1. Given only helices, namely DSSP H runs of n ≥ 4 each adding -39500 (n - 2.57), what is the per-residue ellipticity at 222 nm of the chain, to the nearest 500 deg cm²/dmol?
2. Just to confirm my numbers, what's the Cα centroid distance between region 187-261 and region 272-343 in Å?
3. When ranked by the protection proxy of mean other Cβ atoms within 10 Å per residue, highest first, what sequence do the peptides 300-310, 220-230 form?
4. To the nearest 0.05, what FRET efficiency results for residue 52 and residue 219 with a Förster distance of 30 Å applied to their C-beta separation?
5. Rounded to the nearest 5, what % of the DSSP beta bridges within region 34-279 are antiparallel ones?
6. What distance in nm separates the two pseudo spin-label positions at residue 138 and residue 169, each 7 Å out from Cα along the beta-carbon direction?
7. Over the chain, what is the mean sequence separation of C-alpha contacts under 8 Å (at least six apart), divided by residue count, expressed as relative contact order in percent?
8. Kindly state, to the nearest 0.05, the FRET efficiency for residue 266 paired with residue 176, given R0 = 22 Å and r defined as their beta-carbon distance.
Ligand code: LLP
């Protein structure tokens, strides 16, 4: 459930007309509902009621400070994948003791920053990384808390680019090597092995793959117990899907039930790293129709947002519903909704039946709260768009639109190009 609804044929975000925001700040822009963000986090968290758990929002899905602050204030933790996300997380108010750090390619400076801030744990993805973390912890006179990210070789049945738990994917450590890793770690003096972790993929719409992964992890935990290695945390990663079109993913309560049931009586604290399921349907991208262009074979609706603003349709053939901000009559057309960028891959929808819009109309690209703004770029020297948060009948810009000066900030022309010839 989200808070983007029509009232008298006009799209509102909570009690704010989308059109009012467009008039004030221009288009395109991302728009988030505070009530939806709060509701989604709380529902997810409460789905695990009675279980010892920590919900670490996955910052990669949306790392704007205002959004992160909501989850930090609700007592949540944070899943990070870079030094930049650590920086943002701390700025937004997360306690380091609730931050987990995954990623196959952590750099030394990033490891050092995480160590000096005392994060909860590193989710380690290779034996070489384990050794490096041990060395860096020794250097700084600390001990690093670690989980090994295991690759359980489970098919999450999602888009190949966002499937991460198969042997052929770069993520995690296979079961046998993981066992070796836990053994090796007991000899490393600056590593404290406190957990086991997996993340099998994203936009997963069934509970089964999570249970299959958990079964593999349980087996490993039992083997560890026999080796007298006792861990404290079981991190199941993120991955629960949302409805973009007609998908029917498990509800958070169903997902929680499946995990808790499979977990059985393992005496471990559960960590979850949801991203999309919390923010995906809490945000939209608002864009304006620039032109309509009927062609011999099909019609194009040309809008002012492009693949640099929302790359999911281009990259994953992802579906995002597109709704008119102002409903008028019932007439529909079939068209490609495309952006201003110089690539045929620059589209938000292909061959889509949508409202019979005209030049100047506003459109809402739905379910754009996750992996929307964070994956945007300055391609074609287009300015990154603003982000707005609505709460009740008020709204505030939480990130301003870039300016042309922002576009060239940090650039310089070298002296040797300035010399007169
Ligand atoms: N934990 C780890 C270690 C991850 O790599 C991810 C996502 C998550 C948690 C959160 O997964 P979620 O709950 O959001 O599914 N850009 C793609 C999605 C990439 C996901 C990357 N990892 C998209 O737009 O669909």
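1. Details: 13 runs with 124 residues, N = 421.
Value at 222 nm, helices only, nearest 500: -8500 deg cm²/dmol.
2. 34
3. On the way: 300-310: 23.6, 220-230: 13.5.
Per-residue mean Cβ counts within 10 Å order the peptides as 300-310, 220-230.
4. Numbers: r = 21 Å, r/R0 = 0.71.
Once rounded, the FRET efficiency stands at 0.90.
5. On the way: 1 of 29 bridges.
Around 5 percent antiparallel, to the nearest 5.
6. Modelled inter-label distance: 3.3 nm.
7. Numbers: 918 pairs, mean separation 79.7, N = 421.
RCO, the chain: 19 percent.
8. Numbers: r = 21 Å, r/R0 = 0.96.
That pair, residue 266 with residue 176, gives E of 0.55.
Coordinate-derived values only; no laboratory data. In this text, all values refer to a predicted model and were calculated from it rather than measured experimentally. Please note: Cβ atoms are built from the backbone with ideal geometry, for glycine as well, and neighbour counts cover all protein chains shown.
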